[in-house]
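Some notes on the structure that comes next.
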Amino acid sequence: MLKRKLSSTLFITIGLLLILQINSRAQQVTTPAIVSYIETYAQLAIQEMDRTGIPASIKIAQGILETDAGRSDLVQQSNNHFGIKCKTSWTGDKVYHDDDASGECFRKYNSAGDSYADHSDYLKSQPRYAFLFNYDINDYKSWAWGLKKAGYATNPIYAQTLIKYIETYNLNSLNEFSDEDSSALRSYFNLLENDLGALTSLPKRTNLIESNTLPLNEDETQTKEVEVEKNTKPSEFQKGIFKINGLKVVFCKADQSVLSIAKKHHVHLSQLLSWNELPKSTTLLKEDQLIFLQKKKKHAEKDFHIVQRGESLYDISQKEGVRLESLCSLNDIDRNKRLKNKERIILNNETSPALLSFTKNTHGKKHIATHVVKQGESLYTIAKKYKTTIDSIKDANDMKRNELQVGQSLRIPK
């Protein structure tokens, strides 16, 4: 019984100590040193967020905590803002510092920028942190608790402290900025220095822009929209926003951050990825391409697109502003089908000469179904299933041979 009472007392004591420590931290977060740290390194955090997808709010909060707002011996000696230890893979300069044990090896950097970049690369490269990148950039609580769960730090209140910094300084506002938002960032700093209460009541980037005493010129707030010329080459696309199929679109370069594009044009990252039918894991564009700022349409005004050598169905979807699934349905083809040079791809669902030329076989009969070839099937078994002939199927699909491939789409005639 005495042992149980002692355990209960110890548990309560530890809990009280943790609460006191959190309250102590809360009292410290209004210090000028923290304000100075945010103002000094916010731009670095935003740049790294655009590059890798790590929220600027989380990065700044970690920097404040790990460096005691830039005042720790470790950061003074090494420019190490995130307490990253040497590990076996580190080949750069080192310093030795007492942490969980005495004289531990820590990474040394030439600049704060190098530390911020290495922190991003470290989180991106370690499998144990991979799940963090499934969280929304504004879901700071999941990021904070996730870092703790993944073992980033041994501090028992690591997550709570990060959350406290983010909420006190409304650091999530930084997630709304891009490199080009210098005026809005200055407004944030003004509120940071002069009116912390007003700062915490302004959670969105648009509020910060409206509070700026230096409004944008009218010309800067208006977007020039022009309809793109048909058959325009990528190098000839308009700068800024223009239109394809009546939809807003921009031309972006390879290796550009999709998060940066989304923030620059004030759309959610998830929407941008969905509208452009990009994988959810996409962080950087693999090649120069058009990026739509609105959901693509199910059809275009013109009848068809003439395939250029090397074009894929996805390329056509982006060039014409038509959803990939719609192109597959209109043309009865698989999205991964290799297209032939000069082939015609239907772009609308109206009965047009182009549509008829695709949906009729050489006997003038419309096809009634599309069949995707499965393992073990042959033209004989497929023709028997649909009560038609092998020659009719071959004619409807312009086939010269009887060989089939698994996954191949076949138009089945009446």
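Each value in this text was obtained by applying a stated rule to the coordinates, not by laboratory testing. Here the structure is a predicted model, which is why all the values come from computation and not from measurement. Reconstructed Cβ throughout: ideal geometry from the backbone, glycine too, with neighbour counts over all protein chains shown.
What to note about this one:
- Near E104, the amide H atoms lying under 5 Å from its own belong to H97, D98, D99; only residues 5 or more places off or on other chains count, and H is placed 1.01 Å from N.
- As a calculated quantity, the FRET efficiency between C105 and Q271 at R0 = 41 Å, using C-beta atoms, amounts to about 0.40.
- The modelled label-to-label distance for the pair N349/Q405, using points 7 Å beyond Cα in the direction of Cβ, is 2.9 nm.
- For the peptides 286-292, 320-326, residues were scored by their other Cβ atoms within 10 Å and the scores averaged per peptide; the highest-first order is 320-326, 286-292.
- Close amide H contacts of L347 (hydrogens built in the peptide plane, cut-off under 5 Å, sequence separation of 5 or more or a different chain): F304, H305.
- Pairs exceeding a 25 Å alpha-carbon distance, out of K264/K337; K263/K295; K239/K286; K164/K264: K264/K337; K164/K264.
- The string of couplings for segment 122-133 from the Karplus curve (6.51, -1.76, 1.60, θ = phi - 60°) is 5, 5, 5, 8, 8, x, 5, 9, 4, 5, 4, 6 Hz, one whole number per residue in order, with x for Gly and Pro.
- Ranking of Y140, Y188, Y135, Y109 by neighbouring Cβ atoms within 10 Å, starting from the fewest: Y135, Y109, Y140, Y188.
- Order by protection proxy (mean Cβ within 10 Å, highest first), peptides 122-131, 43-52: 43-52, 122-131
- Computed extension length for D98-D68: 9.3 nm, one decimal, from 0.36 nm per residue of separation with the Cα-Cα distance subtracted.
- For segment 232-308, the square roots a ≥ b ≥ c of the C-alpha gyration tensor eigenvalues yield an a/c of 1.5 or more together with a/b exceeding b/c, which makes the shape prolate.
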